[in-house]
Amino acid sequence: MDIISFVRFTFNTRYMTRWIYGGLILYIPVLNFFSLGFLSKASRLFIIGGMGLPTWQDRYDTWIEGIKLLFIFILYGAIPFFMFSCGFFLTTLTSFTAFFGNIIIKLSYVVLLICSFFLPFAFAVFAEKMDFKNALEFENIIKGIKEVIVEYTAGYIGVLILLYICMLIIRIPYIGFIASSVLTYYVFLISSYYFTELYKKTTLTTLIIPEESGTETPGT
């Protein structure tokens, strides 16, 4: 896995505009489905050994794929979101229930971190197999994570730190929103490459995916 080479590649002027475009619309509702779909297509390209990036052709398919990916994120976040909602509701009742509500809210953050820990490989499974069921097979995903647990955990922590920095950047006057959007998307792109390369080392990957139309590699 050569992250440095991939980073250099992404700053090639031929490919740089592709992820910048995805970053500019990341924070825009509905349009950000394109951004998610692009990441999924990129991951699928990495799986077959390419270091290229998808083009923005087949926008409809990219948008639909982004919607499907969003549903996976929602399913993984369902439990912590439910806990947060219940906790918030309790805080609006009495001082007694508010005490327990605040505890539940804090616990929901912990549960969110735990649930999101599985997302990188769930994302890779979906990108390869395009199947909701496979992306929700926790037992298999946990088994795959165990095979590369050190690198996986280090990558997960690194991504959380980088995303936190991106959240701080949004506070910069005038340019903070746009800069945060683009940088956050770039972190997603790099993490997609990193975790897809880890995924390829595990027994989770079983399919050989033919190269799709609308994708390019550096040699094309």
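The values are calculated or read from the model by the stated rules, or taken from the named source; none is laboratory data. Just so we're clear, the structure is a prediction, and the values are computed from it rather than from any experiment. Positions of Cβ are backbone-derived with ideal geometry, glycine not excepted, and every protein chain shown enters the neighbour counts.
Observations on the structure shown:
- Residue pairs whose Cβ atoms lie under 8 Å apart, sitting 6 or more positions apart in sequence or on different chains, and linking a residue in the stretch 191-208 that is within 15 Å of I142 (Cα to Cα) to a partner that is outside any helix (DSSP H, G or I) and at pLDDT 85 or above, are L198/V148; K201/V148; T202/V148.
- Scanning the stretch 45-67 for residues that are among the aromatic types (F, W, Y) and within 18 Å of V7 (Cβ to Cβ) yields a total of 1.
- Checking each residue in the stretch 13-49 for being without any contact (Cβ under 8 Å) to a residue 12 or more places away in the chain and farther than 22 Å from F177 by Cα picks out T13, R14, G49.
- Among residues of the stretch 98-116, those that are more than 16 Å from S192 (Cβ to Cβ) and within 16 Å of the chain's Cα centre (by Cα), counted: 4
- Screening the stretch 42-53 for residues that are at pLDDT 85 or above and of a type outside the set (A, V, I, L, M) and picking the one that is nearest to S191 (Cα to Cα) gives S43.
- Candidate set from the stretch 2-11 (those that are in contact (Cβ under 8 Å) with a residue 60 or more places away in the chain and surrounded by fewer than 14 Cβ atoms within 10 Å (Cβ to Cβ)); member that is farthest from E128 (Cα to Cα): V7
- Number of the condition not met by P80 [criteria: (1) assigned to a helix (DSSP H, G or I); (2) closer than 19 Å to I25 by Cβ; (3) not basic (K, R)]: (2)
- Taking the stretch 98-205 as the region of interest, the helices (runs of 4 or more DSSP H) fully inside it that hold 2 or more residues being farther than 18 Å from I3 by Cα and of a type in the set (D, E, K, R) are 119-129, 138-147.
- Matching residues, the stretch 88-119, being surrounded by 17 or more Cβ atoms within 10 Å (Cβ to Cβ) and in contact with a Leu (Cβ under 8 Å, 6 or more places away or on another chain): G101, I104
- Out of R18, R14, R44, sole residue that is charged (D, E, K, R), assigned to a helix (DSSP H, G or I), under 18 Å from the mean Cα position of the chain (by Cα) and more than 26 Å from F117 (Cα to Cα): R18
- Matching residues in the stretch 33-62 - criterion: being out of contact with any Ser or Thr (no Cβ under 8 Å at 6 or more places or on another chain) and either surrounded by fewer than 18 Cβ atoms within 10 Å (Cβ to Cβ) or more than 20 Å from F126 (Cβ to Cβ) (or both): I48, G49, R59, Y60, D61
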